[in-house]
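*Asks:* Here you go, one structure.
The values are calculated or read from the model by the stated rules, or taken from the named source; none is laboratory data. Quick caveat: nothing in here was measured; it's all calculated off a predicted structure. Glycine also receives a Cβ, built like all others from the backbone with ideal geometry; neighbour counts cover every protein chain displayed.
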Amino acid sequence: MHRQALRRQLGFVPEERDIDWLYRLITLLDRYPHLGAAADLAQLTRPEAWGLYCYLSRLALG
C-alpha cells in the first residue's frame with residue numbers, strides 16, 4: 001500500500017513518519033474485526049488513529 005491508498009482508507013494523507021504505525025494499525029484492525037473500528041477509520045483524525053493504535057497494540061500484547 002502506498003500513501004494514496006492509505007489516504008483512501010484513512011481519510012488523510014499520512015506523513016512518511018506515520019506510515020509504519022498506520023500499516024500496523026490496519027493489521028491490528030484486521031486482527032480484531034469484532035471491535036468494529038475499521039469502519040470508522042476514515043473518519044478518525046491522526047491523533048484519534050494514534051490512540052486507537054496504542055489501544056490495539058496493548059490489547060495484542062495481552
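*Asks:* When you check Asp30 against the structure, is it loosely packed, with under 14 Cβ neighbours inside 10 Å, in contact with a helix residue (DSSP H, G or I) (Cβ under 8 Å, 6 or more places away or on another chain) and among the acidic types (Asp, Glu), yes or no? Working first, answer last.
*Replies:* On the way: loosely packed, with under 14 Cβ neighbours inside 10 Å: yes; in contact with a helix residue (DSSP H, G or I) (Cβ under 8 Å, 6 or more places away or on another chain): yes; among the acidic types (Asp, Glu): yes.
Criteria met by Asp30.
*Asks:* What number goes with the only condition from (1) assigned to a helix (DSSP H, G or I); (2) modelled with pLDDT under 90 that Val13 does not pass?
*Replies:* Answer for Val13: the failing condition is (1).
*Asks:* Can you name every residue in region 42-54 that is at pLDDT 85 or above and not basic (Lys, Arg)? Spell out the reasoning first.
*Replies:* Initially, region 42-54 is screened for residues at pLDDT 85 or above, giving 43-54.
Answer for region 42-54, where residues must be at pLDDT 85 or above and not basic (Lys, Arg): Gln43, Leu44, Thr45, Pro47, Glu48, Ala49, Trp50, Gly51, Leu52, Tyr53, Cys54.
*Asks:* On to the next question. On the given criteria, is Leu41 in a helix (DSSP H, G or I) and either in contact with a strand residue (DSSP E or B) (Cβ under 7 Å, 6 or more places away or on another chain) or surrounded by 15 or more Cβ atoms within 10 Å (Cβ to Cβ) (or both)?
*Replies:* Details: in a helix (DSSP H, G or I): yes; either in contact with a strand residue (DSSP E or B) (Cβ under 7 Å, 6 or more places away or on another chain) or surrounded by 15 or more Cβ atoms within 10 Å (Cβ to Cβ) (or both): yes.
Spelling it out, Leu41 is indeed in a helix (DSSP H, G or I) and either in contact with a strand residue (DSSP E or B) (Cβ under 7 Å, 6 or more places away or on another chain) or surrounded by 15 or more Cβ atoms within 10 Å (Cβ to Cβ) (or both).
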